[in-house]
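To start, the structure itself, in structure tokens.
The numbers here are math on the coordinates, done by the rules we state, and not lab data. The structure presented is a predicted model; accordingly, all values stated were derived computationally and were not measured. Please note: Cβ atoms are built from the backbone with ideal geometry, for glycine as well, and neighbour counts cover all protein chains shown.
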Amino acid sequence: MTTLYTAKKYAVPALEKACVDFLKKNLSSDNAFMLLTQARLFDEPQLAALCLETIDKNTTEALAAEGFTDVDLDTLCVVLERDTLGIREGKLFKAVCRWAEAECQRRNVPNTSEHQRSVLDRALTLVRFPIMTVEEFAGGPAQSGLLLDREVVQLFLYFTVNPKPHVGFNDSPRCCLTGKEQVMSRFQQIESRWGYSGPCDRIRFVVTRKISLWALGSMAVSMAQLSIQSTFRSSRRITGKVCGTNDTTFQCDGSGSTFRVMFKEPVEILPNQNYTACATLRGPDSYYGTNGLRNKVTHEAPATGTKTCFTFCYAAGNNNGTSVEDGQIPEVIFYT
């Protein structure tokens, strides 16, 4: 960046271009915020746009990087205004609080909620509190001291009554909550009497493009109004890391319908990596899928024609009988 500054100061366009090309090549989620600040300072709109793109695609990682808390207020606002950030609003709010704490230190003022609100200025109004769940809001922003009492009351009313009152915060969902839901079904038939003997039902899969996994499907039990306890996990086989999980209980209606278990946060699934989807179910015998699709299963989004190829394969070990041909986890619900 210092070389770029020098190239601009002394009007050496070839060196300026070489610097920008180098920065583009080495742009990552770890340095995106730092480079964004510099690109705006040195009036490099193309580099700034690439930084914002990187932040959109890797929002969680970019916000966790050291350079995030060092950005200026205008740069923070530019990011918070974006509809394309890929993060839940509750986590975004926590990152904004971290920035406010750092800014209080820079200004050498006490790190109180009043001073944090003051340094945030208009950035606080760009946090989209209405798109949080009521639990997210109650557990974080409502107790943070950053919001006025009347703002807290208005937002709780927004969550609980209809018609919803006006609040001074944007209620438009960001990209992680928009887009068209896609459902990949891997079975062609449904049969009854699938039992649960203890081990979890598991299946491995690989995708050809990056997706956000929101839920996995479970087959209903064969009898009406019975409860199943389910734990779903999606784990990268290379590292063994658990990427997402949820425990839930749901009532079944006796039909062969598929029941969805949503993850608490969307799970980023990267292309050409092995993942294992697991379901631990407790309850009576259920329906199950059979005549599973083999080899590559191509899903084409109706609206855009975007194609995502899934390859399912057997997960080594005791899978309670679930395989490519038969078993549980009939659906993958995702956004592209």
Pop out the ³J(HN,Hα) list for segment 323-334 in order, Karplus 6.51 cos²θ - 1.76 cosθ + 1.60 with θ = phi - 60°, rounded to Hz; leave Gly and Pro as x. 8, 5, 7, 9, x, 9, 6, x, 9, 10, 9, 8
Within segment 2-175, pairs of Lys residues whose Cα atoms are less than 29 angstrom apart, provided they are eight or more positions apart or on distinct chains, add up to 17
List the residues, sorted by chain then number, that are 5 or more residues from Tyr196 or on another chain and whose placed amide H is less than 5 Å from its amide H. none
Starting from the Cα of Lys307, draw a straight line to each of the aspartates and glutamates and keep only those under 20 Å, dropping any in the same chain fewer than 8 residues away. Glu181, Glu268, Glu331
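Pull out a ≥ b ≥ c, the square roots of the eigenvalues of the alpha-carbon gyration tensor of segment 33-104, then state rounded if a/c is under 1.5, prolate if not and a/b is larger than b/c, and oblate in the remaining case.
Oblate shape, in that a/c is at least 1.5 and b/c is the bigger or equal ratio.
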Please return the longest stretch of the chain lacking exposed loop sites, where trypsin sites (Lys or Arg not before Pro) count only if DSSP places them in a loop and at most 16 other Cβ atoms lie within 10 Å. 83-179
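So how strong a dipole does the chain carry about its Cα centre when Lys and Arg Cβ are +1 and Asp and Glu Cβ are -1, to the nearest 20 debye?
Working: 37 positive and 36 negative charges, 151 e Å.
So the magnitude is around 720 debye.
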With the crude spin-label approximation of a point 7 Å out along Cα→Cβ, what separation in nm comes out for Gln105 versus Ser144? 1.8 nm
